[in-house]
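Here is the structure we will look at, set down as structure tokens.
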Amino acid sequence: GKDIEILEHRCCSQQSFVKLLQNLHQKIPYNLCMFIDEFESIPKNLLDGFLHTLRSIYLRKQRNERYNILHSVGVIGVHSISQITFARTSSPFNIHESISISNFTTEQVRELLMQYSEETKEDFPENVIEFIADKTGGQPYLVNLVAKILTEEVKPYSEKRPIVLSDAEDAYMKMLTM
């Protein structure tokens, strides 16, 4: 592989964003695909302008191959893109498909929590794993939310004691009262 140097680039306008993509496209001779995580977190006052920029890139590419600087955009979030409110002048254009994530099995919840354990050397007892899987129904967002509350609020890593079932119960109750 060839190393590619990408200089720091501050995007503060449609033009600077397009320029960034043009520079990347010149350095990387492949189709560029952009993935945006937590798409629904883009502030509403910026979302329409951003969508207009993506749409203008797409339309320019249709008229002139020289502007083929972005092949596709994937958005990742808790909501379906069709649930997000857009201005009438911008749209979630060319939606190919929405992908739903099925609920986690207890084994998948265990695997997720073990990733945290591997990083921190802090174990989740089996009864805690089963409790989280059972009470959340394995719904990915809820599993992650309970685990976040558990490890950041109820029993932070800085507390030098093991995680116990009552910690998971407290985290679950906190989640329910958010």
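The values are calculated or read from the model by the stated rules, or taken from the named source; none is laboratory data. Worth saying up front: this structure is predicted, and the values here are computed from it rather than measured. Counting neighbours? That spans all protein chains shown, and the Cβs are built from the backbone with ideal geometry, glycine included. Keep in mind that these areas ignore ligands, DNA and RNA; they rest on the heavy atoms of the full protein, side chains included. Shrake-Rupley method; radii C 1.70, N 1.55, O 1.52, S 1.80 Å.
From the list Ile129, Ile149, the lone residue that is farther than 30 Å from Ser72 by Cα, of a type in the set (A, V, I, L, M, F, W, C), touching a Lys or Arg at 6+ places or on another chain (Cβ under 6 Å) and modelled with pLDDT of 95 or more is Ile129.
For the stretch 4-23, state whether one or more residues are of a type outside the set (Asp, Glu), closer than 30 Å to Thr136 by Cα, open to solvent by less than 50 Å² (accessible area, probe 1.4 Å) and at pLDDT 65 or above. Within the stretch 4-23, not a single residue is of a type outside the set (Asp, Glu), closer than 30 Å to Thr136 by Cα, open to solvent by less than 50 Å² (accessible area, probe 1.4 Å) and at pLDDT 65 or above. Of everything in the stretch 60-93 that is over 19 Å from Leu24 (Cα atoms) and part of a helix (DSSP H, G or I), the residue that is modelled with the highest pLDDT is Arg63. Looking only at the stretch 146-157, which residues are surrounded by fewer than 18 Cβ atoms within 10 Å (Cβ to Cβ) and part of a helix (DSSP H, G or I)? The answer is Lys148, Glu152, Glu153.
Quick one: count up the residues across the stretch 28-58 that are open to solvent by 60 Å² or more (accessible area, probe 1.4 Å) and either in contact with a helix residue (DSSP H, G or I) (Cβ under 9 Å, 6 or more places away or on another chain) or part of a loop (DSSP other than H, G, I, E, B) (or both).
Residues in the stretch 28-58 being open to solvent by 60 Å² or more (accessible area, probe 1.4 Å) and either in contact with a helix residue (DSSP H, G or I) (Cβ under 9 Å, 6 or more places away or on another chain) or part of a loop (DSSP other than H, G, I, E, B) (or both): 6 in total.
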